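This report concerns only the one structure given below.
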Amino acid sequence: MAVSVVSRELEPERIARLEEGDPPAVVLLDQRRLPDEIAEVACRSVAEVADAIRTMVVRGAPAIGVAAAYGMALAALRGEDLVEAERTLAASRPTAVNLPWALAQMRDDPTPERARVLHREEVERCRRMAAHAAALFRPGTRALTHCNAGGLATGGYGSAVGALRAAWERGLLERVLVDETRPLLQGARLTAWELETVGIPHAVIADSAAGSLMARGEVDLIVTGADRIASNGDTANKIGTYSLAVLAAHHGIPLYVVAPTSTVDHAIPDGSAIPIEERDPAEVTSRFPARNPAFDVTPAELIAAIVTEHGVHRPPYAESLP
Ligand code: MRU
């Protein structure tokens, strides 16, 4: 993997793109190094794209799907075995359904143009979701978010962060509390950086501070993304989302999930069937034995609404989810 430094812009093609030169490459903004360094990783084979997904050069459910789509186009350009390429990419991370969804989208047409259309459509879905989600905010809303469901995580604009951006543009958002999101700090490194870039007032908090700030009346709503939504509305998202949802229910605060339909898995009836990734314990601590489940499942009854590009969906989700 070659590495080079680029500028700070966050256009979709800066987050992920396919370069059709000789040799061709999937070029990804290296999210592991943000916000300190703006660097790109050029993946010149499917194995390198899969490795970039596994090691979280690119992360966030829709962005993983976009990278996998470019990976399939790269495989076709290089004459790699497409069945093997799909298997390699599908095995890179287990929880976000956007990955197998994107691979299925590419199966009949693994061309660069198809991958670019898939990327463009994900960003358009984000803008539509954000507009729907803005209706959930009132003037002066103080929001809390977890992990990073921004442009970085979606290939552009963002789902939960897109909702925050749309609310801010409409004058409905006062400020955002950003869970730092242990152990990999997607909130403290990526969401805070994105909010800073678009000028939204925010403060990073330790994950363990969320409950006490809710008790003090400092949170009006919680908005998160999702990695996989079962057909009954149970939602897998970054570890810690479930704890937030329980706290929110205790304090009477609504928790909203904002995610495109590429994150909805109607093949799964409820959250118990969602595969939860266990990552290297060394991401938590290498000094003692550790556990590192990367996601948890929030039961549908703790989610006040799920917002997709089609609108705001309320319980019962088995009936309302598109
Ligand atoms: O492990 P990550 O950083 O890929 O986890 C990302 C999340 O949990 C996001 O909240 C989710 O993918 C939604 S992104 C729009």
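Points to keep in mind about this one:
- Here the chain exposes an accessible surface that is 52 percent carbon and sulfur, computed with a 1.4 Å probe and the other protein chains kept in place.
- Look at the alpha carbon pairs under 8 Å that are at least 6 residues apart: their mean separation over the length of the stretch 2-123 gives a relative contact order of 24 percent.
- Accessible surface, per residue, of the chain when the full set of protein chains is kept, probe 1.4 Å, Å²: 39 Å²
- Hull-based mean projected area of the chain, where the convex hull spans the alpha carbons, in square nanometres: 15.6 nm²
- Centroid-to-centroid separation of the stretch 209-238 and the stretch 63-132 [C-alpha atoms, Å]: 27 Å
- Mean residue ellipticity (222 nm) of the chain, computed from DSSP H runs ≥ 4 via -39,500 (n - 2.57), nearest 500: -10000 deg cm²/dmol
- Ellipsoid semi-axes for the stretch 84-180, based on the Cα gyration tensor and the rule √(5λ), read 32, 15, 8 Å when sorted largest first.
- Gain in span if fully extended, residue 174 to residue 84, counting 0.36 nm per residue against the direct Cα distance: 27.5 nm
- Annotation: average projected area of the stretch 205-322 is 8.0 square nanometres, based on the convex hull of Cα atoms across all directions.
- Cα long-axis angle, helix 160-169 against the chain (0 to 90 degrees, to the nearest 10): 60 degrees
- Peptides 120-131, 145-156 ranked from most to least packed give 145-156, 120-131, packing being the mean of other C-beta atoms within 10 angstrom over each peptide's residues.
- Each residue, residue 314 and residue 109, gets one label point 7 Å from its Cα in the Cβ direction; the gap between the two is 3.8 nm.
- Using the Stokes-Einstein relation with a Kirkwood hydrodynamic radius computed over Cα pairs, the translational diffusion coefficient of the stretch 2-123 at 10 °C and a viscosity of 1.306 mPa s comes to 115 µm²/s.
- Shown here for the stretch 1-103: GluC sites (Glu not before Pro) in loop regions (DSSP other than H, G, I, E, B) with at most 14 other Cβ atoms within 10 Å, namely 9, 20, 37.
The values are calculated or read from the model by the stated rules, or taken from the named source; none is laboratory data. In this text the structure is predicted, and so the values were computed from the model without any measurement. Backbone-built Cβ (ideal geometry, glycine too); neighbour counts: all protein chains shown. Heads up: the accessible areas ignore ligands, DNA and RNA and are worked out on the full protein's heavy atoms, side chains in. Shrake-Rupley method; radii C 1.70, N 1.55, O 1.52, S 1.80 Å.
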